[in-house]
1. Being within 7 Å of chain A (Cβ to nearest Cβ), in a helix (DSSP H, G or I) and within 28 Å of B:I207 (Cα to Cα) is the requirement here; does B:A138 meet it?
2. In segment A:2-20, how many residues are modelled with pLDDT under 90 and on the phi > 0 side of the Ramachandran plot?
3. Taking the residues in segment B:176-234 that are within 13 Å of chain A (Cβ to nearest Cβ), touching a residue at least 24 places away in the same chain (Cβ under 8 Å) and in a loop (DSSP other than H, G, I, E, B) as candidates, determine which candidate is surrounded by the fewest Cβ atoms within 10 Å (Cβ to Cβ).
4. Step by step: first the residues of segment A:2-14, then only those that are touching a residue at least 40 places away in the same chain (Cβ under 8 Å) and under 18 Å from B:I222 (Cα atoms), then the one that is farthest from the other protein chains (Cβ to nearest Cβ). Which residue is that?
5. For segment B:48-63, which residues satisfy the criterion of being surrounded by 24 or more Cβ atoms within 10 Å (Cβ to Cβ) and in a strand (DSSP E or B)?
6. Here are some conditions: (1) part of a strand (DSSP E or B); (2) over 30 Å from A:Y89 (Cα atoms); (3) among the hydroxyl-bearing types (S, T, Y). B:S74 meets all but one. Which one does it not meet?
7. Mind listing whichever residues of segment A:15-31 are within 14 Å of chain B (Cβ to nearest Cβ) and either in contact with a Phe, Trp or Tyr (Cβ under 8 Å, 6 or more places away or on another chain) or among the hydroxyl-bearing types (S, T, Y) (or both)?
8. Name the residues in segment A:21-32 that are on the phi < 0 side of the Ramachandran plot and surrounded by 14 or more Cβ atoms within 10 Å (Cβ to Cβ), would you?
Amino acid sequence: MSKLIVEERNVVVPGEKLATGMEYLPGNGSFREGEDIYSSQLGLVNVSGRFVKVIPLTGKYNPREGDIIIGKITDVSFGMWLVDVGCAYFACLNVREVPEFIDKGADLSNYYDFNETVIAQVIKVVRSKDINLTLKGQGLRKIKGGKIIEVTPSKVPRIIGKQGSMISMVKEYTKCNIVVGQNGKIWIKGENVEDEVRATEIILKIENESHTHGLTDTIKKALEEGTKNGL
Amino acid sequence: MVYSKREDGRKFDELRKISAKVGIIKRADGSARFQIGDTIAIAAVYGPRELHPKFLQDPEKAVLRCNYDMASFSVTERKKPGPSRRSTEISLVTEKALASVVELDLFPNTAIDVFIQIIQANAGTRCAGICAAAMALAHAGIPMKDMVAAISVGKVGDKIVIDLDKEEEDFEEGATDIPVALTARNKEVTLLQLDGEVSKDELMQAIKLARKGCEEIHNVQIEALKEIYKEDKNGQ
């Protein structure tokens with residue numbers, strides 16, 4: 001007989017038994033041994049249909065196709081750039097994947113140079129974990145000015161909120177331009193430094209309190225107070 | 001002389017006081033502190049990250065690198081800082097004790113670095129180090145098949161005891177120290193060392209004792225890992 005041992009949204013540790021019986025199937029972050037399903041990560045249980053998943057609470061960025069990420073160019077080689085996206089593997093940005101027309105034999109560092117930061121999209125993650133990026137698409141470009149902060153990648157969905165509700169609220173109140181990368185890197189650019197500092201503080205507050213109830217209201221209150229006092 | 005009573009008044013199958021905390025090093029990907037009696041170990045995990053030099057990379061799985069070290073102030077007589085014959089050996093056995101539970105094949109060509117520092121020592125440091133490292137690995141979000149807990153058992157005089165302290169290790173009639181690491185679920189032995197003399201029966205008895213001790217340690221480890229996300233239950 002199949003039975004679920006833990007409840008939805010419980011915190012589980014590696015090796016903890018999640019379910020017994022063949023009715024359930026192991027999803028991400030869990031595995032089957034014999035009849036039982038065990039967790040392989042520290043995270044929250046998520047049951048969808050027959051699948052038992054564990055959503056990790058910590059850990060490095062795990063790239064997925066379609067993710068918008070923010071990365072730094074770390075190497076310029078023949079026909080491609082290597083981009084550091086904050087995971088264990090370098091991401092590869094091919095010359096064919098940039099919007100500019102680049103002549104054969106041109107110096108690639110004239111277009112995107114070392115230490116420059118780009119907003120890019122993951123187009124492919126191959127089996128050996130190499131990541132392919134593209135700069136062709138809406139909003140994908142090289143970043144100029146502003147500042148970049150880092151948060152835990154697993155907290156990114158909370159910072160964005162439902163249909164981007166949280167982040168658009170922060171944008172509205174702080175008058176900053178904010179881009180959140182799925183890899184936990186966030187680019188903030190405002191009219192002046194004060195705005196950027198304020199947006200940074202708010203985003204770090206969201207990260208710290210990401211597990212609490214009624215987060216949107218708390219953040220809205222903090223934003224309104226800041227507007228009254230500071231500006 | 002018979003060893004009829006333990007110096008610190010514990011029962012023969014009683015552990016010293018255990019406490020653990022996760023997330024003590026901010027810049028590390030995962031970290032933990034594990035304290036048993038007066039022995040304190042802290043562990044930090046970095047990675048999976050790129051491995052250099054490149055020839056050390058394994059295209060099939062990640063390389064687990066452990067580094068055990070004792071702080072110079074951790075013992076009564078100042079320990080010369082830096083790696084030694086002893087710490088190199090302990091790093092190696094720690095690595096092997098943990099490698100069997102970490103799912104290394106998910107991160108080919110990378111390294112997972114584990115740094116263990118003993119900041120206060122009163123016997124059982126390698127066991128405390130393994131316990132801390134297992135928690136730090138879980139905290140770093142690295143997939144693992146199981147948790148690992150370790151405890152030293154042994155024979156002091158003619159008695160089989162668990163969790164020896166320094167005084168017992170140096171017992172004049174002779175003491176045998178057996179560090180044991182066990183996985184939490186299947187109780188598989190991932191570390192077994194022996195320094196001294198025991199009969200076969202005594203060894204089996206000691207390992208049985210270690211199983212009980214490891215269970216207790218494992219509960220502390222789980223509690224410490226869940227502690228940092230406690231508020232989740234009240235929240236959403």
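1. Answer is yes for this residue.
2. Number satisfying all stated conditions: 1.
3. B:N186
4. In this case the residue turns out to be A:V12.
5. Once the filter is applied, which keeps residues that are surrounded by 24 or more Cβ atoms within 10 Å (Cβ to Cβ) and in a strand (DSSP E or B), segment B:48-63 yields only B:P48.
6. Every listed condition holds for B:S74 apart from (1).
7. Answer for segment A:15-31, where residues must be within 14 Å of chain B (Cβ to nearest Cβ) and either in contact with a Phe, Trp or Tyr (Cβ under 8 Å, 6 or more places away or on another chain) or among the hydroxyl-bearing types (S, T, Y) (or both): A:G15, A:E16, A:K17, A:L18, A:T20, A:P26, A:G27, A:S30, A:F31.
8. Answer for segment A:21-32, where residues must be on the phi < 0 side of the Ramachandran plot and surrounded by 14 or more Cβ atoms within 10 Å (Cβ to Cβ): A:Y24, A:L25, A:P26, A:G27, A:N28, A:S30, A:F31, A:R32.
The values are calculated or read from the model by the stated rules, or taken from the named source; none is laboratory data. None of the values given here were measured: they were computed from a predicted structure. Glycine gets a Cβ as well: all are built from the backbone with ideal geometry, and neighbour counts include every protein chain shown.
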